[in-house]
1. Binning at 10 Å from 0, report for the stretch 38-99 what percent of all alpha-carbon pair distances ends up in each bin.
2. Given the Cα-Cα distance of residue 75 and residue 62 and 0.36 nm per residue of separation, how much length would full extension add, in nm?
3. How much length would be gained if the chain were fully extended between residue 52 and residue 96, taking 0.36 nm per residue of separation minus their Cα-Cα distance, in nm to one decimal?
4. What does the accessible area per residue of the stretch 18-86 come to in Å², with a 1.4 Å probe and no ligands, DNA or RNA counted?
Amino acid sequence: MALSLAWADDACAQARPAANNDDPPCIEVQVNGERIPAWECLQRKLAPAAPAAQRPALPAAEQLMRTPGNTLLQYNLEGTRQRMGDAFGRSVVPQRPAR
């Protein structure tokens, strides 16, 4: 039993991410019964990590493949449904609001 607990504790320790030891811990101060959190420290810890390197330039064919369909004037079912309104599938004339 003790061996299995030691093994589970060792596996959990390996699964934890390595802590960044060069950052000091965030310390909250209490003055006259009012807690003052360390906002700057928390903002720094919660900030997204800076990208390590820029992405390599894609060839023109790959850029074209990743371009959204609406900029390439491709058919879009949801766009057609939005434009036609309740006339979609019943009429070739788009729905227009009453004047």
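1. 15, 21, 17, 19, 19, 9, 0
2. So the extension gain works out to 2.6 nm.
3. 10.7 nm
4. 96 Å²
The values are calculated or read from the model by the stated rules, or taken from the named source; none is laboratory data. For clarity, every value in this text was computed on a predicted model and none was experimentally measured. Each accessible area value is taken on the protein alone, full model and side chains, heavy atoms only, with ligands, DNA and RNA left out. Shrake-Rupley method; radii C 1.70, N 1.55, O 1.52, S 1.80 Å.
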